[in-house]
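Laboratory data are not the source of any read-out in this text; all were calculated from the coordinates shown. Note that the coordinates shown come from a computational prediction; the quantities given were computed from them, not determined experimentally. Every residue, glycine among them, receives a Cβ derived from its backbone with ideal geometry; neighbour counts consider all protein chains shown.
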Amino acid sequence: MTRLAVPLALVATWSSVSVAGSVKGTVLFEGEAPTQVKLERKSDPKCAKGRADEAIVVTKGKLRDVMVRVKNGSTGSHAPPTAPATLDQQDCMYTPRVIGLVAGQKLALQNSDNTFHNVHGTVTGKDVFNKPMPAKTSELTVDPAAAHPGDVVALQCDVHPWMKAYAVVNDSPFFAVTGADGAFEIKDLPIGEYTLEAWHPTLGTKTIKISIGRAKRGDVTARFSYKASEM
């Protein structure tokens, strides 16, 4: 994986009243969504249940698995949370597929499956960790200390190569990942002008400018749109 790139901008509009503020909105997919190809998973009988590839998941025009964050380097320094971010392995898939970390934060991995997995993490093709996870392992904590803000730790199970996930490293806690409804919310941003980035593992990055203002200007509504015609 490479560091996050910088393309296209869209609109941001003011909405309620706040001294500092939050930004919330939706990530859309315009046009016909790509077909989710059925994965070939018969190599392990415990993974044989049919599942579709989740490289691009669109539900009613809303795009899942988009990391939305305030651009690195614009909000000062932030200590990492003491609690790790958590990623599970369920039905021979990673859940969630995209997760955010603050630089220095650990990642707790779980294996809810009744089969063996391994968790192989790389940054720009270089190994960060490679750990075995026996069936029904409650937790394994890894420290991707080699990853810096802007890096993406690509995760894969070498036993089940269709299993992929992405841990996006940030320099602040001002980020969110969209669910099936395409929605995101980033709370408690200090007053200021910011670049807001949306990143998807397959579709890349888009940016907009937002302002968190004083007194009568506070929360911001933002919208990103990925287009089938851009693929």
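Only one residue in ALA198, ALA180 is touching a strand residue (DSSP E or B) at 6+ places or on another chain (Cβ under 6 Å) and exposed (fewer than 14 other Cβ atoms within 10 Å of the Cβ), so which one is that?
Values: ALA198 fails: exposed (fewer than 14 other Cβ atoms within 10 Å of the Cβ).
Criteria check complete, one pass: ALA180.
Between a residue in region 117-146 that is in contact (Cβ under 8 Å) with a residue 60 or more places away in the chain and surrounded by 16 or more Cβ atoms within 10 Å (Cβ to Cβ) and any residue that is assigned to a loop (DSSP other than H, G, I, E, B) and among the small types (Gly, Ala, Ser), which pairs come within a Cβ distance under 7 Å, given they are 6 or more apart or on different chains?
Qualifying pairs under 7 Å: VAL123/ALA146; VAL123/ALA147.
Here's the yes/no breakdown for (1) part of a strand (DSSP E or B); (2) within 15 Å of the chain's Cα centre (by Cα); (3) closer than 29 Å to TYR226 by Cα; (4) of a type outside the set (A, V, I, L, M):
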{"residue": "THR75", "(1), (2), (3), (4)": "no, no, yes, yes"}
{"residue": "ALA83", "(1), (2), (3), (4)": "no, no, no, no"}
{"residue": "TYR94", "(1), (2), (3), (4)": "yes, yes, yes, yes"}
{"residue": "GLY104", "(1), (2), (3), (4)": "no, no, no, yes"}
{"residue": "GLN110", "(1), (2), (3), (4)": "yes, no, no, yes"}
{"residue": "HIS120", "(1), (2), (3), (4)": "yes, no, no, yes"}
{"residue": "LYS131", "(1), (2), (3), (4)": "yes, no, no, yes"}
{"residue": "SER138", "(1), (2), (3), (4)": "no, no, no, yes"}
{"residue": "GLY150", "(1), (2), (3), (4)": "no, yes, yes, yes"}
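Restricting to region 54-65, name every residue that is in contact with a Lys or Arg (Cβ under 9 Å, 6 or more places away or on another chain) and either under 24 Å from SER22 (Cβ atoms) or in a strand (DSSP E or B) (or both). Talk me through it step by step, then tell me what you get.
First, the residues of region 54-65 that are in contact with a Lys or Arg (Cβ under 9 Å, 6 or more places away or on another chain): 54-58, 64-65.
Within region 54-65, VAL58, ARG64, ASP65 meet the criteria.
Mind checking whether some residue in region 37-56 is within 16 Å of the chain's Cα centre (by Cα), under 29 Å from SER211 (Cα atoms) and touching a residue at least 12 places away in the same chain (Cβ under 8 Å)? Write out each step before concluding.
As a first pass, look at region 37-56 and keep what is within 16 Å of the chain's Cα centre (by Cα): 54-56.
Checking which are under 29 Å from SER211 (Cα atoms) leaves us with none.
No; the residues of region 37-56 include none that is within 16 Å of the chain's Cα centre (by Cα), under 29 Å from SER211 (Cα atoms) and touching a residue at least 12 places away in the same chain (Cβ under 8 Å).
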